[in-house]
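**Q** Dropping the structure in here first, questions after.
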Amino acid sequence: MSINNMEARIDQEFPELLQNRPLRWLKPTDTVDYLDAMIDEFKIRHVPIIEPIDPKSDEPRGELKTVISKTDLVKLLTPPNELYPPEFPLTPQQKSQLRKFNEEISAKCLNEIEDFAQLMTIPVKTLSLNNSKVKDVFKDLIDPVKPEGQNFTRRYRTLCVYGDNQLIVGTISYTDVLRKINDPNHTQFLRATIGQNILFKKREDLTVLTEDDNLLRARRILKENSFTHIPITTADGRFVTGIVDDVIVNTFLHDITLTQYSKLPLKYIMLPMNERNSVSPGTVTSKVIETFVPPNSKDRPTALVVCTKDSDSGKFTFDGIISYTDIFRGFQKWANPQSANS
Amino acid sequence: MESSDAVSIEDTKVITNDFCILKDTDTVAEALALITVQNASEIVIVDEDKKFAGILTDLSILRSLPPPVLDVPVKFRIKTPKFRQQLNEELANSLRKQITEVFKLEKIKPYTSKNQRLIYAMDKLVDSYKSTSAIRVLPIINEDETVYGVVSPESILSYLKSNQKFCQLKAERFLALPEVDSMEQPYTLLPSDTLAQARFAMKYLPIKHITICDSDGHLLGMIDKKQVTTLTHPMYFSLMGISLSKIMKPVTKLCLVEKSQTLQECINAYLNLGFKEVVIVEQLLGKIYPKMVVTPIDILQFRVQVYRQN
């Protein structure tokens, strides 16, 4: 069995779906505090919301209403207390609003939250254990969707899989697929560097901000585009120093804290460059995949900065960015060159 | 201005050697032993050259491990042998790891001068507590970056207790402080509210204690961040639905200080009775209403303000 057979059925390539593994899911009537705890404690980024056929049953059998992502949740909530930059204290009025908001929101049902209720009206991408093929998995994880009548795109990084009689038997996430790609059967693909595999997007094609650019600008860029990460450079643009993504940007821009943090320089919130969020053009593809899904950590970056260490300064010059979708596209091309060319 | 707070921290003898210290190569098991056996809130971590490397808090350690079985109500304990085995393996595996493998040490800025004034040290301690993940000590390091000692809120309170003028102030003075804004008033939940709600409040608001009151506001008990952190673990996720009445410290186990009593009562409770917080209350017709939860850090903050006002 190998995931490079795009026509294979998913029950053959993802046998773990048949093993009754526990699924982390919630009902539309569960509360926001539960959703928040589930995402934090299990270190997951997506929670399926299921309307069960039997409300008393713990079995995830029913209608998948939506999949709420960590990005959806942070857009709703205020920043966690430990993330407030002490250099930019809130006003007493903001503190008071913050307390009132959090007191009210925690016990609200998910279907009482307007944004979540709206998500529940949009059809969800799902897979079928008996009918879906490997190529469907790649397609659904790569292509963002623009729901009909909506002005936003939605990217699915986790797909729910239906078995028989409306039972959701599990999920396939981009991390599952990355692990399957990182298999000895694909040595030729994995041994090549990401430069040789032409996998990453080059700096000249990317939107970059500097450490002194502000949060509002980052949010506007993310809102107007389908990408989710922005590399951050020094003011002169010579070196890359960090990265921001849709989760961290939306974490700080709640209505209550908007006036306080809209001008916040990105250096206060960016994830600084380190070995967990960066690779070099000469890194082999297998090592890049291990950086996406490190074996001994629950870190799950969805994009990595590609950079080269400057031997004189010890700083990093910026080469580009690589996301899991770049790996997927490259793998598809390698596994099935004719299909990719057509 | 009171001169007693303007003397150096060295002269006031508030720097103590009575603190827990480990090397960064020591194991999580050793850190756990110190926080459980010694009830340590912070452990000073040093590198192989004995240089200060950071502070590890009890909350960080507790957050990384499953709760002790005795803290989990019987109904919620893991009974399936398969899961118990999984839990045991995970626990043994975690405990064997080196501290630096598991924890990102808090990069608190250590204090180098023993000649700084006490009031300045108090201010730093309060500031660092509010701006970091609740570190309650100020490490004092030598010029070669080895650790000279720590200043703890308790060591400062031991010094302050001789200041009769300050200690005789009424506890209700806390309630009128400008910093005691709406965020620091007691955060209250009902006994039927859940651990998930308490966890959520402590994540998104600057609160470390939640008073549990009935619908008329009468105090029934309290839950603190340490309890919430201890009970929060993925293998015990079902605990999120547990009602707070089952896990709170009942009012009989709390240290209550009537708002008309003096700060001396609070300081005695910390230093002589071992309480980590007191609840300032108002009693009316035999009912108890919580007004504020006060920790040793709050007393120091109050002291700094009184000093500035004078």
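**Q** Within 10 Å, at most 10 other Cβ atoms, and a DSSP state outside H, G, I, E, B define an exposed site. Report the longest part of chain B free of exposed trypsin sites (Lys or Arg not before Pro).
**A** The longest uninterrupted stretch comes out as B:108-310.
**Q** Still on this structure: Evaluate E = 1/(1 + (r/R0)^6) for A:Gln118 and A:Lys139, where r is the Cβ-Cβ distance and R0 equals 22 Å; express this FRET efficiency to the nearest 0.05.
**A** My answer for the efficiency is 0.30.
**Q** Under the rule that an exposed site lies in a DSSP loop and has at most 10 other Cβ atoms within 10 Å, name the longest stretch of chain B with no GluC sites (Glu not before Pro) of that kind, not counting the sites themselves.
**A** With GluC sites (Glu not before Pro) excluded where exposed in loops, chain B gives B:144-310 as its longest stretch.
**Q** Can you compute 3J(HN,Hα) from phi for each residue in the stretch A:99-107, using the Karplus curve 6.51 cos²θ - 1.76 cosθ + 1.60 with θ = phi - 60°, rounded to whole Hz and x for Gly and Pro?
**A** Values per residue, Gly and Pro as x: 5, 4, 4, 5, 4, 7, 6, 4, 9 Hz.
**Q** Quick one: if you stick a label point 7 Å off each Cα along the C-beta vector at B:Ser162 and B:Gln309, how many nm between them?
**A** 2.5 nm
**Q** Same structure, new question: Hey, what do the phi angles of the stretch A:202-218 turn into as Karplus ³J(HN,Hα) couplings, whole Hz, using 6.51/-1.76/1.60 and θ = phi - 60°, x for Gly and Pro?
**A** Karplus-based 3J(HN,Hα) across the stretch A:202-218 equals 7, 4, 5, 9, 10, 8, 10, 10, 9, 4, 8, 5, 9, 4, 4, 5, 4 Hz.
**Q** Each residue of the stretch A:166-171 in turn: what ³J(HN,Hα) in whole Hz from Karplus with 6.51, -1.76, 1.60 and θ = phi - 60°, glycine and Pro shown as x?
**A** My calculation for the stretch A:166-171 gives 6, 8, 8, 8, x, 10 Hz in order.
**Q** Oh, and also: Let me know the Kirkwood hydrodynamic radius for the protein assembly as shown, please, with Cα pairs as the basis and the value in Å to one decimal.
**A** That comes to 27.5 Å for the protein assembly as shown.
**Q** Dipole size in debye (nearest 20) for the stretch B:1-155 around its Cα centre, Lys and Arg Cβ +1, Asp and Glu Cβ -1?
**A** 940 debye
**Q** Now a separate question. Given H placed 1.01 Å from N in the peptide plane, which residues other than close sequence neighbours of A:Thr210 have an amide H under 5 Å from its amide H?
**A** The list, which skips near neighbours in sequence, is A:Thr233.
**Q** Still on this structure: Tell me which GluC sites (Glu not before Pro) from the stretch A:102-150 have a DSSP coil assignment and no more than 12 other beta carbons within 10 Å of their own.
**A** Taking the stretch A:102-150 and a limit of 12 other Cβ atoms within 10 Å, the loop GluC sites (Glu not before Pro) found are A:Glu148.
**Q** Select from B:Phe237, B:Phe174, B:Phe166 the residue whose mean-square fluctuation is largest in a Gaussian network model of chain B (Cα-Cα springs shorter than 10 Å).
**A** Result: B:Phe237 has the largest fluctuation of those listed.
**Q** How high is the relative contact order of the stretch A:238-342, in percent, with contacts defined as C-alpha pairs under 8 Å that are six or more residues apart?
**A** Computed value for the stretch A:238-342: 24 percent relative contact order.
**Q** Moving to a separate point now. With label points built 7 Å along Cα→Cβ from the Cα atoms of A:Asp312 and A:Lys298, find their separation and express it in nm.
**A** 4.4 nm
**Q** A follow-up question, please. Just want to confirm a number: the relative contact order over chain A, from Cα pairs under 8 angstrom separated by 6+ residues, in percent.
**A** The normalised contact order for chain A reaches 18 percent.
**Q** Something else now. When Cβ neighbours within 10 Å are restricted to other protein chains, what is their mean count per residue of peptide A:284-294?
**A** Across A:284-294, the average partner-chain Cβ count within 10 Å equals 0.
**Q** Using unit Cβ charges (K, R positive; D, E negative) and no other charged atoms, how large, in debye to the nearest 20, is the dipole of the protein assembly as shown about its Cα centre?
**A** In debye, rounded to 20, the protein assembly as shown gives about 580.
**Q** Next question, about the same structure. About its Cα centre, what dipole magnitude does the stretch A:184-341 give when the only charges are +1 on Lys and Arg Cβ and -1 on Asp and Glu Cβ, stated in debye to the nearest 20?
**A** 280 debye
**Q** Shifting gears a bit: Which of rounded, prolate or oblate describes the stretch A:10-181 when judged by the alpha-carbon gyration tensor and an a/c cut-off of 1.5?
**A** prolate
**Q** Between B:Val7 and B:Ser215, what FRET efficiency follows from the Cβ-Cβ distance if R0 is 35 Å, with the result rounded to 0.05?
**A** 0.10
**Q** Calculated FRET efficiency, A:Lys43 and B:Asn142, Cβ-Cβ r, R0 30 Å, to nearest 0.05?
**A** Efficiency computed from Cβ-Cβ geometry: 0.15.
**Q** Taking amide H positions as placed in the peptide plane 1.01 Å from N, state which residues far from A:Phe316 in sequence (5 or more) or on other chains have amide H under 5 Å from it.
**A** Result for A:Phe316 returns A:Val240, A:Asp310.
**Q** Hey, another quick one. Would you calculate the volume per residue, in Å³, of the smallest convex hull containing every Cα atom of the stretch A:134-198?
**A** For the stretch A:134-198, the hull spanned by Cα atoms encloses 129 Å³ per residue.
**Q** Dipole of the stretch A:227-342 (Lys/Arg Cβ +1, Asp/Glu Cβ -1, origin at the Cα centre): which of A:Pro295, A:Asn277, A:Ile321 lies farthest to the positive side?
**A** Towards the positive end, the residue furthest out is A:Pro295.
**Q** Further question: Counting partner chain Cβ atoms within 10 Å of every residue's Cβ in B:201-209, what's the average?
**A** 6
**Q** Calculate for the protein assembly as shown the 222 nm mean residue ellipticity that helices alone would give, adding -39,500 (n - 2.57) per DSSP H run of length 4 or more and normalising by residue count, nearest 500 deg cm²/dmol.
**A** When only DSSP H runs of four or more count, the value is -9000 deg cm²/dmol.
**Q** Tell me, in nm to one decimal, what length is gained between A:Lys146 and A:Glu211 on full extension, where the rule is 0.36 nm per residue of separation less the Cα-Cα distance?
**A** Taking A:Lys146 through A:Glu211 to full extension adds about 20.3 nm, to one decimal.
**Q** How about the stretch A:45-125: which trypsin sites (Lys or Arg not before Pro) there lie in a loop by DSSP and see at most 13 other Cβ atoms within 10 Å?
**A** Listed in order of number, the matching sites are A:Lys56.
**Q** Is the C-alpha gyration tensor of the stretch B:1-128 telling us rounded, prolate or oblate? Criteria: a/c under 1.5 is rounded; beyond that, a/b larger than b/c is prolate, otherwise oblate.
**A** prolate
**Q** For A:Ile68, enumerate residues with amide H under 5 Å from its amide H, sequence gap 5+ or separate chain, H modeled in the peptide plane.
**A** Those lying under 5 Å, H to H, from A:Ile68 are A:Val47, A:Ile49.
Throughout, read-outs are computed from the coordinates displayed, never taken from laboratory work. Bear in mind the structure is a predicted one, so any value in this text is a computation, not a measurement. Methodologically, a virtual Cβ is constructed for each residue, glycine included, from the backbone with ideal geometry; neighbour enumeration extends over all protein chains shown.
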